[in-house]
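The numbers here are math on the coordinates, done by the rules we state, and not lab data. Predicted model only: the values in this text are computed from it and were never measured. Counting neighbours? That spans all protein chains shown, and the Cβs are built from the backbone with ideal geometry, glycine included.
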């Protein structure tokens, strides 16, 4: 099974200057654990996760004054829609994260989470 078979193509994107409160509200409203951060000045898309927001709050960050660009997951990786789910899982394990932005060329085409992979594997008949 490929990443393209399990990924979400409805990618929720915010800008780099969105506050952490705004990002949290988007995630809560959509019942998702991450948002892609599009910064036209960056080399590629970034990702902001629940874990990033919790880390900012634990560090004393102000949800209204702190902005997404300052709290992105560091050393994030990108996946390909043509990767197998095993390849995506390996990339996530190596990086220690649960979400992978899926790109084709310079375009974001999806996002896949460990939950998506578990669901996909659960639908495979033995």
* Angle, helix 85-95 long axis vs. longest principal axis of the chain, Cα atoms, 0 to 90°, nearest 10? -> 40
* GNM on the chain, C-alpha springs below 10 Å: top fluctuator among 47, 112, 69? -> 69
* **Paramagnetic reach from residue 104 (point 7 Å along Cα→Cβ, amide N under 20 Å) across the stretch 12-35** => 12-13
* Asked: For the residue pair residue 94 and residue 39, what label-to-label distance in nm results when each label sits 7 Å from Cα along the Cα-to-beta-carbon direction?
  -> 2.3
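Determine one quarter of the surface area of the Cα convex hull of the stretch 60-126, which equals its mean projected area, and express it in nm² to one decimal.
Numbers: hull surface 25.5 nm².
One quarter of the hull surface, i.e. the mean projection, equals 6.4 nm².
Could you tell me what percent of the DSSP beta bridges with both partners in the chain are antiparallel, to the nearest 5?
Numbers: 13 of 17 bridges.
Once the DSSP bridges in the chain are tallied, antiparallel ones form about 75 percent.
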* Asked: If you line up the long axis of helix 20-30 against the longest principal axis of the chain, both from Cα atoms, how many degrees apart are they, to the nearest 10?
  -> 40
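Once you wrap a convex hull around the alpha carbon atoms of the stretch 1-113, what is its projected area averaged over all directions, in nm²?
Working: hull surface 26.9 nm².
That works out to 6.7 nm².
Over the stretch 1-89, what is the relative contact order in percent, taking alpha-carbon pairs closer than 8 angstrom and at least six residues apart? The partial results should precede the final answer.
On the way: 112 pairs, mean separation 34.1, N = 89.
Relative contact order, the stretch 1-89: 38 percent.
Starting from 0.36 nm per residue, how many nanometres of slack lie between residue 19 and residue 114 once their C-alpha separation is accounted for? If you can, show how the numbers build up before the last one.
Values: separation 95, 0.36 × 95 = 34.20 nm, distance 2.60 nm.
Extending this stretch completely gives an extra 31.6 nm.
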* What nm value, rounded to one decimal, do you get for the distance between residue 121 and residue 62 when each label is placed 7 Å out toward the C-beta? -> 4.4
* To do: Please check which bits of the stretch 37-54 a label hung off residue 74 would reach, taking the label as a point 7 Å along Cα-to-C-beta and the cut-off as backbone N under 16 Å.
  => 47-49, 51-54
